[in-house]
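Peer 1: Can you keep this structure in mind? I'll have questions shortly.
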Amino acid sequence: MIALIQRVKQANVEVNGETVGQIKQGLLILLGVEQEDDAQKAERLCDKVLGYRVFSDQDNKMNLNVRQIDGQVLVVSQFTLAADTKKGTRPSFTKGAAPAAAERLYNYFVELCQRKISTETGIFAANMQVSLINDGPVTFWLQV
């Protein structure tokens, strides 16, 4: 399971011109699900993402996590994170989870986040337009 997290001042996701998820300060989480992922990996990744210290403290050091700053998260499914790009110029998606399994684990990850922090989402498998103001910019690739 892969999370590309971006520290944002604000972010939103639209489907067919309608805003379906929107946050102010917090994390935009682009979530990719691979074939061998399971509930335990989702739990570990959720804990890691929400505990990851990427926000500045009073000394301007990255010592605070999203919960400590009363931030929010926006979780967006992104199957392309599971792409194999080692060969050629066209990505392979053989490592990605089947759509039904990916949707189940995406929804489980979202539920885990919702239990701990204000959480917004995109729509699984929809054509989404994501807008953000990346704060820093600060972006990290987390994988479990």
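The numbers here are math on the coordinates, done by the rules we state, and not lab data. No experiment lies behind these values; they were computed from the predicted model shown. Cβ atoms come from the backbone with ideal geometry, glycine included; neighbour counts cover every protein chain shown.
Peer 1: Given H placed on each backbone N at 1.01 Å, which residues far from Arg67 in sequence or on other chains put an amide H within less than 5 Å of it?
Peer 2: none
Peer 1: Ok, one more. Compute the acute angle (0 to 90°) between the alpha-carbon long axis of helix 39-51 and the principal axis of greatest extent of the alpha-carbon atoms of the chain; round to the nearest 10°.
Peer 2: Once rounded, the angle reads 30 degrees.
Peer 1: Can you pull out the chymotrypsin sites (Phe, Trp or Tyr not before Pro) in region 89-144 that DSSP calls coil and that have at most 14 other Cβ atoms within 10 Å?
Peer 2: Phe93
Peer 1: Given all pairs of different Cα atoms, what value in angstroms does the Kirkwood hydrodynamic radius of region 20-68 take?
Peer 2: 12.6
Peer 1: List every residue whose amide H lies under 5 Å from the amide H of Gln10, counting only residues 5 or more places away in sequence or on a different chain, with H placed 1.01 Å from N in the peptide plane.
Peer 2: For Gln10, the qualifying residues are Ile133.
Peer 1: Give me D for the chain in µm² s⁻¹, whole number, from Stokes-Einstein with Rh from the Kirkwood sum over alpha-carbon pairs, 37 °C and 0.692 mPa s.
Peer 2: D, rounded to a whole number, is 213 µm²/s.
Peer 1: Just to be sure I understand: with springs between alpha-carbon atoms less than 10 Å apart, which residue in Gln25, Gln58, Gln78 has the highest mean-square fluctuation in the Gaussian network model of the chain?
Peer 2: So, out of Gln25, Gln58, Gln78, the one fluctuating most is Gln58.
Peer 1: So what's the angle, to the nearest 10 degrees on a 0 to 90 scale, between helix 99-116 and the longest Cα principal axis of the chain?
Peer 2: Roughly 10 degrees, rounded to the nearest 10.
Peer 1: Let me ask another. Given the C-alpha centroids of region 71-134 and region 49-65, what is the distance between them in whole angstrom?
Peer 2: Each part's Cα centre sits 23 Å from the other's.
Peer 1: Provide Lys41, Lys9, Lys61 in ascending order of the number of other Cβ atoms located within 10 Å of each residue's Cβ, fewest first.
Peer 2: Going from least to most buried by this count: Lys61, Lys9, Lys41.
Peer 1: Step through the residues of region 60-66 one at a time and calculate ³J(HN,Hα) from phi using the Karplus curve (6.51 cos²θ - 1.76 cosθ + 1.60, θ = phi - 60°), rounding each to whole Hz and writing x for Gly and Pro.
Peer 2: The phi angles translate into 6, 10, 6, 10, 10, 9, 4 Hz.
Peer 1: How about region 33-115: which GluC sites (Glu not before Pro) there lie in a loop by DSSP and see at most 10 other Cβ atoms within 10 Å?
Peer 2: Listed in order of number, the matching sites are Glu36.
Peer 1: What relative contact order, as a whole-number percentage, does region 2-143 give when Cα pairs under 8 Å and 6 or more residues apart are counted?
Peer 2: 39
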